[in-house]
Amino acid sequence: MKHIRLFSYKLSNDSGFAPNPFWGMLTLAACKPKIRESKLPGDWIAGFTSGKLNSDPVGGERLIYLMQVTDKILISEYWNNPAYEKKKPAPDAGLKNSVGDNIYKPIAEIPLSYDDFEQIPNRSHKEKNKIKDLSGRYVLVSKKFWYFGCKPLDIPSEIRPLVPPGQSSQGYQTKDIERAAAFISYIESSFKKGIHNNPTGWKNHEPVCAK
């Protein structure tokens, strides 16, 4: 069987910022620096609910999103590459535009430390988050993802991946390859790729976005 690396973690916030599922790709560009630093193209990442997010109990967490990493790029490239221009936040342009996660502008030709970046105005992170965000030097990009947001999925127990009981900086790896493959196959065969619902934190402010 093909080797699969599947990692799961729990979200304490789901505002459309981290992850950001808009504009045809799901990105992790802030928060979870160790996940962004250590995961590789081809890896799978599953984000689950938590007690803090929506009072789901340990063992009863539901799936908010599943992504396969298709690209791993430096934060400076994320800012400079026109392909990710729409990921830059426009705070006064509606929720979808305001939660952009491309918030770190390099101010040095070759940025080497967090002092070499400027955090641009955004509604999601403040200056106090800068050091933690930039301690993960990479952005994870996925063009193969399923995002369920405010209507997370119950996963059948027989294919449920390993989910940490609390917050996990690296995520828990499901080392049972058959279980990991069955879980991924279930999502792939049962649901179309892309966005299915609004982020949890949006409530009913805007309709579900198709892109």
Under 5 Å, built H, 5+ apart or other chain: amide partners of D14: G201
message: Please compute, for the alpha-carbon atoms of segment 61-166, the extent along each of the three principal axes and give them in descending order in Å.
response: 50, 31, 28
task: Compute the distance in nm between two label points, each set 7 Å from the Cα along the Cα-to-Cβ direction, one at K175 and one at E37.
output: 2.2 nm
- prompt: Using alpha carbons only, how many degrees (0 to 90, rounded to 10) separate the axis of helix 177-190 from the longest principal axis of the chain?
  reply: 80 degrees
message: I want to check the label-to-label distance for S185 and K143. Put each point 7 Å from Cα in the C-beta direction and report it in nm to one decimal.
response: 2.7 nm
field: Inter-part distance where segment 37-54 and segment 121-187 are each reduced to a Cα centre, Å
entry: 1 Å
- prompt: Counting only residues 5 or more places away or on other chains, whose amide H sits under 5 Å from the amide H of G100 once H atoms are built in the peptide plane?
  reply: A90
- request: Tell me which residues come under 5 Å, amide H to amide H, from Y65 once H is placed; ignore anything under 5 positions away on its chain.
  value: G47, F148
message: Using each residue's phi in segment 193-201, evaluate 6.51 cos²θ - 1.76 cosθ + 1.60 at θ = phi - 60° and report the 3J(HN,Hα) Karplus result to the nearest Hz, with x for Gly and Pro.
response: 5, x, 8, 9, 8, 5, x, 4, x
message: I'd like the Karplus ³J(HN,Hα) series for segment 13-27: coefficients 6.51, -1.76, 1.60, θ = phi - 60°, whole numbers in Hz, and an x wherever there's a Gly or Pro.
response: 8, 9, 10, x, 8, 9, x, 10, x, 9, 6, x, 8, 9, 10
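Read-outs: derived from the displayed coordinates by stated rules, not from any lab. No experiment lies behind these values; they were computed from the predicted model shown. Cβ atoms come from the backbone with ideal geometry, glycine included; neighbour counts cover every protein chain shown.
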